[in-house]
Amino acid sequence: MAESNKSKALYSSGVACLGFLAFALAAAAVALPLWGYFESTSGGPGAERGYFGPWTMCKELLYGRTKCGESVSRFRPHGAVKLAGYVAALNSLCLAFFSILSIIQLSMIVSKDKVVLKYTSAVTAKLGLALLSTMFGIAAAGLFALQTDDRANDFIVKRGESFYIQIVLIVLTFLLFIGALYDMLFARRAGGDPTVASRDPSGNDATTYNNPGFRDKRSTHPGGSVSVTDASGKPYAHSGTNGSMATLSTTLSSNGSTTGSITRSPLRSSLKKPRPAANNGLGIQNPGFSGTSPTLSRNGSTVKKVRIQTHSTAV
């Protein structure tokens, strides 16, 4: 889910940047009076040339000077030019609202909370604004295209920068419409609205807490199982014998020798002999008996050590 929100945020950021670019171009096209250029076909001192837009017409004078106004020249723009300006202004207004809604949508994706209005309402409004902007762009360019050469007053007309900006805006607003349509379709699917908790039956996207004392009873061994804790990975200590045992049966042979039953652990190399049964005879205890005796020496020579194997010695 985190990766999905990140991808959605990047996509919405790209659409928002495209919307800001379109709004800037639309505002520049409306503000600049560079929709077309006019020039008289007759030469001589009375020749006129200049540029015009929906609101302003400017005549170029000598030495790089200009004079702007409605009656500075004999050239008269077509009435559709001013109407194209109004439509272009509406296009710019739609793109401004589209940019604002893009910011609101991006904030809802990041915060996963409702901001000003519902997420679905925001994407639906963006779709409508993008569609209107595309239609306004086509209408503005089409209306200005009605302006042709003024043959009655001997003027020829050329298209200016603002007109070509309107052509570019048609392409940009159509891309915004496609992006807004994708946003609306995705918002109607499960998990498409980041402000609403999505259903997750599998629990893959749920917040989980680890249980360190969980005892895993699953076994991969055919003969038995090893239970471990989730935190340490160490096996539980089970009661009972742990290790290998060696057992010999006790038998009595004809010559009196015996084979004892011995139980030993894997790491012991010697075994204590079992304590003999209590003797009814008289005996004197050996208080100096020890399982280990130090090596004795006399005049530098080693003295043989003798160890009494029994706890008591009979007299």
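Quick notes on this one:
- Only residues that are of a type in the set (D, E, K, R) and at pLDDT 85 or above were counted across segment 89-142, and they come to 2.
- Those residues of segment 38-55 which are out of contact with any helix residue (DSSP H, G or I) (no Cβ under 7 Å at 6 or more places or on another chain) and crowded, with 16+ Cβ neighbours inside 10 Å, in sequence order: PHE38, GLU39, SER40, GLU48, GLY50, TYR51, PHE52
- Test for SER102: is it within 57 Å of the chain's Cα centre (by Cα), buried (at least 20 other Cβ atoms within 10 Å of the Cβ), touching a residue at least 40 places away in the same chain (Cβ under 8 Å) and farther than 24 Å from TYR164 by Cβ: yes
Listed here are the residues, each with its yes/no results for (1) within 45 Å of the chain's Cα centre (by Cα); (2) not hydroxyl-bearing (Ser, Thr, Tyr).
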position: TRP35; (1), (2): no, yes
position: GLY64; (1), (2): no, yes
position: PHE75; (1), (2): no, yes
position: ALA80; (1), (2): no, yes
position: ASN91; (1), (2): yes, yes
position: TYR119; (1), (2): yes, no
position: ASP150; (1), (2): no, yes
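- Matching residues, segment 18-56, being within 26 Å of ALA130 (Cα to Cα) and among the β-branched types (Val, Ile, Thr): VAL30
The values are calculated or read from the model by the stated rules, or taken from the named source; none is laboratory data. Not measured: the values here are computed from a predicted model. Cβ coordinates were reconstructed from backbone atoms using ideal geometry, including for glycine residues, and neighbour counts include every protein chain displayed.
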